[in-house]
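Report on the following structure.
The values are calculated or read from the model by the stated rules, or taken from the named source; none is laboratory data. The model shown is predicted, which means the values in this text are computed figures rather than measured ones. For neighbour counting, all protein chains shown are included, and Cβ atoms are generated from backbone atoms with ideal geometry for every residue, glycine included. These area figures cover heavy atoms from the full protein model, side chains too; ligands, DNA and RNA do not enter into them. Shrake-Rupley method; radii C 1.70, N 1.55, O 1.52, S 1.80 Å.
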Amino acid sequence: MKTGRSLNEIAAEITRQNETKKDYITSTQNLAIVADEKAGVALEVKGKGAFPIRPVAHGQIAEHTKIPKTYYDRMLSEAPGLLANNVNEWFTRYPATRLVRTLDGNNRALLSDKFATLDNFDFANAILPIVAERQLEIKSCEVTETKLYIKVIDKQEFKVPVGYKMGDGSHKIFDVCCPALIFSNSEVGFGRLSVDIGTYTSACTNLAWFAKDGFKRTHVGARHLLTENLSVGDLDQIMSDETKRKTQEALWLQVRDVTKSAFDAKIIADRSARLEAAGNEVFKASEAAGVVEVVGTKLGLNGTEKNSVLELLLNGGNLSQYGVHAAITRTAQDVEDYDRATDLEYLGGKVIDLRPAEWRQLAEAA
């Protein structure tokens with residue numbers, strides 16, 4: 001598990017971003033890409049200024065204009081003027097209402113006018129009182145270019161029999177686990193607002209997330225209304241704080257309910273049973289490399305990640321479905337990118353969620 005930043009650091013950053021970000025809702029006819037040799041490439045919003053474009057927004061501009069990303073990136077690198085001409089032509093020829101999100105004077109996202117602005121500041125204000133009330137321990141949190149993550153555990157522990165040590169098969173392995181939750185959100189269109197349930201393994205500080213069991217809310221709502229004659233409007237003026245509060249009140253109540261239910265005894269018992277069952281799906285040491293290759297390919301692991309999983313699997317000695325899950329979540333700790341590390345924690349959960357028939361099919365293919 002990557003530790004990220006402290007809660008105080010995250011709280012300060014979320015607050016800072018909330019105070020400096022600005023949103024505009026407008027037609028693409030009021031937008032233009034401008035290229036400058038010194039300033040680089042920026043998105044100009046009529047009447048508001050030019051905002052240097054961040055990588056996420058570049059991808060969304062390419063997607064909106066249907067310019068293949070490889071060609072878009074080549075123009076950005078080698079011919080920014082040509083890129084500006086291409087994008088501006090499509091912006092003008094096919095006008096569409098878009099949400100332009102800015103932060104620190106940069107264009108960080110270009111989104112649909114139906115994108116619901118469920119933002120990190122409001123999300124954190126909704127969940128942190130619940131975390132404090134239940135005395136949950138915050139193990140890791142981070143704000144990346146694309147997402148906010150807050151990962152917490154409950155201190156109640158449960159022992160899970162998860163297989164046998166490699167060798168004579170007589171030494172049973174028990175892991176001490178705790179219920180866990182991950183709160184995540186993206187203000188720039190990279191995933192839904194979600195609360196996912198997981199497990200924390202105390203001995204190796206691994207986290208695994210089970211996306212099937214949580215709560216999801218897609219950032220889609222009613223279309224934001226444009227101001228008169230398609231002029232640029234500040235979204236915060238269009239949607240007042242009071243309107244936001246009433247719209248989101250029910251959502252935060254749902255988040256609260258899901259958080260409370262995550263530590264229900266029946267849910268913990270079900271999770272323990274699934275972990276134990278995965279520990280009973282064993283394979284031979286001679287099959288380990290093949291299992292990791294097949295499972296890793298199915299999950300989208302790269303070569304470096306597969307090698308790490310295989311090494312950790314063999315060193316750990318738990319040659320089972322559970323052992324593969326543990327090796328993947330342990331690999332997450334060594335990945336530099338926080339987003340990718342969290343992806344691996346979800347992939348570890350996917351291994352546990354494989355039905356017995358699915359797992360055996362993969363193991364046999366190895």
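Numbers for the structure displayed
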read-out: Residue 276 being acidic (Asp, Glu) and more than 30 Å from residue 128 (Cβ to Cβ); value: yes
read-out: Scan of the range 342-358 for residues that are under 15 Å from the mean Cα position of the chain (by Cα) and among the small types (Gly, Ala, Ser), ordered by number; value: 348, 349
read-out: Scan of the range 84-95 for residues that are open to solvent by 20 Å² or more (accessible area, probe 1.4 Å), within 24 Å of residue 189 (Cα to Cα) and either assigned to a helix (DSSP H, G or I) or of a type in the set (Ser, Thr, Tyr) (or both), ordered by number; value: 86, 88, 90, 92, 94
read-out: Residue in the range 164-176 that is surrounded by fewer than 18 Cβ atoms within 10 Å (Cβ to Cβ) and at pLDDT 90 or above present; value: no
read-out: Selection from the range 339-350 of residues that are open to solvent by less than 20 Å² (accessible area, probe 1.4 Å) and either in contact (Cβ under 8 Å) with a residue 60 or more places away in the chain or touching a strand residue (DSSP E or B) at 6+ places or on another chain (Cβ under 8 Å) (or both); value: 341, 342, 345, 348, 349
read-out: Test set (1) on the phi < 0 side of the Ramachandran plot; (2) part of a loop (DSSP other than H, G, I, E, B); (3) not hydroxyl-bearing (Ser, Thr, Tyr) - residue 135 fails condition number; value: (1)
read-out: Residues (without any contact (Cβ under 8 Å) to a residue 24 or more places away in the chain and open to solvent by 60 Å² or more (accessible area, probe 1.4 Å)) located in the range 283-308; value: 286, 297, 302, 304, 307
read-out: Among (1) exposed (fewer than 15 other Cβ atoms within 10 Å of the Cβ); (2) farther than 24 Å from residue 183 by Cβ; (3) small (Gly, Ala, Ser), the one test that residue 323 misses; value: (1)
read-out: Filtered residue count, the range 77-128, keeping only those that are among the aromatic types (Phe, Trp, Tyr) and within 20 Å of the chain's Cα centre (by Cα); value: 3
read-out: Residue that is most open to solvent (accessible area, probe 1.4 Å), among those in the range 244-277 that are touching a helix residue (DSSP H, G or I) at 6+ places or on another chain (Cβ under 7 Å) and modelled with pLDDT of 85 or more; value: 274
read-out: Residues of the range 214-229 classified as modelled with pLDDT of 70 or more, open to solvent by 50 Å² or more (accessible area, probe 1.4 Å) and part of a strand (DSSP E or B), total; value: 2
read-out: Residue 107, sole failed condition from (1) assigned to a strand (DSSP E or B); (2) at pLDDT below 95; (3) under 18 Å from residue 188 (Cβ atoms); value: (2)
read-out: Qualifying position, being farther than 23 Å from residue 143 by Cα, of a type outside the set (Phe, Trp, Tyr) and surrounded by fewer than 13 Cβ atoms within 10 Å (Cβ to Cβ), among 315, 280; value: 315
